[in-house]
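Read the structure below first, then the notes.
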Protein chains: 2
Amino acid sequence: MAKTLTYKDSGVDIEAGDAVAAGIGRLARSTFGPRVVKNEMGFAGLFRLDYDERLFKRNYRHPILLACTDTAGSKLKLALQIKKLDTIGIDLVAMSVNDLLVQGAEPLFFLDCLSVSKVDSKTILSLMEGICLGCQQAGAALLGGETAEMPDLYASGDLDVAGFAVGIVDRKRLISGKDVEPGDCLIGLASSGLHSNGYSLVRKIIAKGKRDLSRHIPTLGRTLGEELLEPTRIYVKTVRSVLGHYRVKRVVRAMAHITGGGLAGNLPRVLPKSCQAIIKKDSWPTPPIFDLLAKWGPVAEQEMYRVFNMGIGFVLVVRPTFAQSILRQFKRLKQGAYLIGRIRPGPNKVIIE
Amino acid sequence: MAKTLTYKDSGVDIEAGDAVAAGIGRLARSTFGPRVVKNEMGFAGLFRLDYDERLFKRNYRHPILLACTDTAGSKLKLALQIKKLDTIGIDLVAMSVNDLLVQGAEPLFFLDCLSVSKVDSKTILSLMEGICLGCQQAGAALLGGETAEMPDLYASGDLDVAGFAVGIVDRKRLISGKDVEPGDCLIGLASSGLHSNGYSLVRKIIAKGKRDLSRHIPTLGRTLGEELLEPTRIYVKTVRSVLGHYRVKRVVRAMAHITGGGLAGNLPRVLPKSCQAIIKKDSWPTPPIFDLLAKWGPVAEQEMYRVFNMGIGFVLVVRPTFAQSILRQFKRLKQGAYLIGRIRPGPNKVIIE
């Protein structure tokens, strides 16, 4: 009789998966606040809304849940190439929680869904460390996750990971952009670099020019690989601190997370049809990595602004009388912030001058 | 001067992605109930908890949110191979919502995160149709999703998709398994076939025996490919109907979704340490696909039970006096249900006799 087939023969090792799961569990607990409900069964993650408690009831009279999902995109492929996966999890969390933040939400929890060619505990735990760091920066609990071994779908050593975040906002405090008016000011928050968008183009530029990722580049003050893997900034704590400053007045009228499509692609989504944003591109310092990529490509300036954040990772549209005070608050929080433009009447779009 | 690089040159087409997004939006709206909040901005999906309303307040005094994530695993690879993606989305939803259901939750919403080698609208919309069907079967809104084009990570035509589900349960109705007692009955619900687990082994068996997926197999009454892609059953409506029948008494003491690891791997997770499950394997009809796979492998019987659901996709542990009534209710709902065993004192495990 032929040798009988077992599940391990097919390339899937259930025990190895269970061992990694235990390690992930330990990391995840570092993100737990008091609202995470202990659940040994593990079919689902449990999170108390606490709305029987007085404080929660006061803050959330008409709660709305918000949910987002995203990946780290081609930045992950670059991280796999450099074999440095310890911060890509921060990018993954950032992509979702910054999107929640756009509508004024408080992130509650996060889940990751990982597909790997083969369970390799070192790689997976390194990735999970970044995810947990990101969750801590966002004040979100890592409530659950899944690791699927897919030897047939991924090349050896490859993996992909999706992130998912849930937040909450009171109906009255939901920021929708509908109150934006001509004259409102645009405050741009400094990005930490490329964040997580445009990496297919970045990888193409690197490949075309045969750029060495391990080479130290003086204008960057570090290697190219280090610069390209700089984690996406998570704006939750700074922006929520500013929002918390104006609990009664509606000072912040719209916000945008600058991802794929750049300022021109993301800002119009949060503006009324009859409002346009005029952005002065000289009003903030463009980090040197953008100039390098434009030169290396070469990539035309207009295309650069259409693909990359160009140094601005998040935008707030605020009432003009409060702009200076908000800029000062961000300064105190050590978050670079610039008055980058204004809203004026006109068809919904962004004009970068 | 060299030709300047654009984002399209790097293999990513933002406009094509936007066109597909519009199609997905139309499909998703078919899953929306009144609690989905219209949100044109699209940074996040919005869902009202409604807890200022009287009915919600009565049902959910101490609400707990639950969240799950999963993929369709290697079944997706098989679907890609057969080029039939219209039901794999049902599997994706099933994997997460059946997990939520284990703890008695009502699914609220679902999100998908898709990675593709290239945006192909026909493939993506076909996949999304299945996801929307699954959401309808689960009573969950498809609140959001993301499609990432990753030409560097996926072979041409390949894709991967992660699903995320959020549900809610009142603290008092959370089913945790802690009340399970010796003497309790195990009610097994018929699966629709293989569901979404064990497909790495299935694909190995198919490849080893050079089985033709398009061949009609008399004992299956259809082709092998059709049988293998039969969507995972979503138990939400039938099980919640039975739970709703016992609003005061705690009749259903534990539940388990039978996924990777089979009955032996999943049932112990929901039982107290001092309880074991004795399962009589002759108490339900094993669908013919399992016999075929065991013969073809060959795969030893014990391994079959460790990898596959063997015909039981979901288990309820119930108080013995209510077992017959519950079986009748499932019969009325046209869901196959069998008394498959009992709980007895002993170290936490499953014994299949």
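Readers should treat all values here as calculations from the given coordinates under stated rules, not as data from a laboratory. Quick caveat: nothing in here was measured; it's all calculated off a predicted structure. Here Cβ is always computed from backbone atoms with ideal geometry, including for glycine, and neighbour counts include all displayed protein chains.
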Segment A:168-246 to segment B:169-244: how many Å between their Cα centroids?
43 Å
Rounded to whole Å, give me the distance from the Cα center of segment B:300-339 to that of segment A:272-313.
59 Å
Taking only Cα atoms and a 10 Å spring cutoff, compute GNM fluctuations for chain A and point out the largest among A:T71, A:T123, A:T87.
A:T123
Taking a spot 7 Å from the Cα of A:D179 along the direction of its beta carbon, which residues of segment A:102-118 have an amide N less than 13 Å from it?
A:104
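If you take each beta carbon of peptide A:159-170 and count the beta carbons of other chains within 10 angstrom, what is the mean?
On the way: counts 1, 9, 3, 14, 5, 13, 4, 10, 1, 2, 2, 0.
Average neighbour count from other chains, rounded to a whole number: 5.
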If the only charges are +1 at each Lys and Arg Cβ and -1 at each Asp and Glu Cβ, what is the size of the charge dipole of the protein assembly as shown around the Cα centre, to the nearest 20 debye?
2160 debye
Computed over chain A: relative contact order in percent, which uses C-alpha pairs under 8 Å that are six or more apart:
21 percent
Using the Karplus curve 6.51 cos²θ - 1.76 cosθ + 1.60 with θ = phi - 60°, work out ³J(HN,Hα) for each residue of segment B:82-92 in order, rounded to whole Hz, and write x for Gly and Pro.
7, 6, 9, 10, 6, 10, 5, x, 5, 4, 4
Going 7 Å from the Cα of B:D291 in the Cα-to-Cβ direction, what parts of segment B:303-328 have a backbone nitrogen less than 14 Å from that spot?
B:311
Starting from the Cα-Cα distance between B:R344 and B:K210, subtract it from 0.36 nm times their residue separation and give me the gain in nm to one decimal.
43.8 nm
Put a dot 7 Å past each Cα toward the Cβ at B:Q136 and A:R250; how far apart are the dots in nm?
3.7 nm
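Return the average number of partner chain Cβ atoms within 10 angstrom of each residue Cβ along peptide A:290-301. Display every interim value, and only then the final one.
Working: counts 0, 0, 0, 1, 2, 0, 1, 6, 5, 5, 3, 1.
Going residue by residue through A:290-301 and averaging, the value is 2.
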Taking only Cα atoms, what is the 0 to 90° angle, nearest 10, from helix B:121-138's long axis to the longest principal axis of chain B?
30 degrees
Mean Cβ neighbour count within 10 Å, used as a protection proxy, ranking A:176-182, B:234-240, A:192-198 highest first
A:192-198, B:234-240, A:176-182
What does the net charge come to around A:D86 if you take all other residues with beta carbon closer than 13 Å to its beta carbon, with K and R at +1 and D and E at -1?
-1
Compute the helix-to-body angle for B:236-245: its Cα long axis versus the longest principal axis of chain B, expressed 0 to 90° and rounded to tens.
40 degrees
Cα to Cα, under 28 Å, and not fewer than 8 places away if on the same chain: which lysines meet these conditions relative to A:K210?
A:K75, A:K77, A:K83, A:K84, A:K295, B:K3, B:K8, B:K118
Residue-span extension gain [B:R171 to B:K281] - 0.36 nm each, minus C-alpha spacing:
36.1 nm
Sorted by chain and number, the residues with a modelled amide H under 5 Å from that of A:A148, at a separation of 5 or more or across chains, are A:L114, A:S115, A:V116
Amide H of A:F314 versus every other amide H placed in the peptide plane: which residues, excluding those fewer than 5 positions away on the same chain, fall under 5 Å?
A:L189, A:I258
Diffing segment B:60-67: the Karplus 3J(HN,Hα) column from phi (6.51, -1.76, 1.60, θ = phi - 60°), in whole Hz with x for Gly and Pro, holds 10, 7, 10, x, 10, 7, 10, 9
From the backbone phi of segment B:338-353, what are the Karplus-calculated ³J(HN,Hα) couplings (6.51 cos²θ - 1.76 cosθ + 1.60, θ = phi - 60°) in whole Hz, Gly and Pro given as x?
9, 7, 9, x, 9, 9, 9, x, x, x, 3, 6, 10, 10, 9, 9
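Work out the mean other chain Cβ neighbour count within 10 Å for the residues of A:106-115 and drop it here as an integer. Display every interim value, and only then the final one.
Details: counts 0, 0, 2, 3, 1, 9, 3, 11, 3, 7.
The mean count of partner-chain Cβ atoms within 10 Å per residue comes to 4.
Taking the Cα centre of segment B:128-249 as origin and charging only Cβ (+1 Lys, Arg; -1 Asp, Glu), how large is the dipole, in debye to the nearest 20? Intermediate results must be reported in sequence, preceding the final value.
Values: 16 positive and 14 negative charges, 130 e Å.
Computed about the Cα centre, the dipole is about 620 debye.
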Relative packing of A:99-112, B:314-327, which averages over residues the other C-beta atoms within 10 Å, highest first:
A:99-112, B:314-327
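Can you say what percent of the DSSP beta bridges in segment B:7-173, counting only those with both residues inside, are antiparallel? Round to 5. Please list the in-between numbers first.
Working: 21 of 29 bridges.
The antiparallel proportion sits near 70 percent.
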Which one, A:V36, A:V93, A:V252, has the greatest fluctuation when you compute a Gaussian network model over chain A with C-alpha springs under 10 angstrom?
A:V36
Using a 10 Å cut-off on Cβ atoms, rank the peptides A:62-68, B:168-174, B:263-269 from the highest mean neighbour count down.
A:62-68, B:263-269, B:168-174
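Can you give the charge dipole size of segment A:185-352 about its Cα centre, rounded to the nearest 20 debye, using +1 on the beta carbon of Lys and Arg and -1 on the beta carbon of Asp and Glu? Kindly include the intermediate steps, with their values, before the conclusion.
Working: 28 positive and 8 negative charges, 148 e Å.
Dipole of segment A:185-352, to the nearest 20 debye: 720 debye.
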Max mean-square fluctuation residue, GNM over chain B, Cα-Cα springs under 10 Å, options B:K75, B:K38, B:K84
B:K38
Amide H of A:I352 versus every other amide H placed in the peptide plane: which residues, excluding those fewer than 5 positions away on the same chain, fall under 5 Å?
A:I279
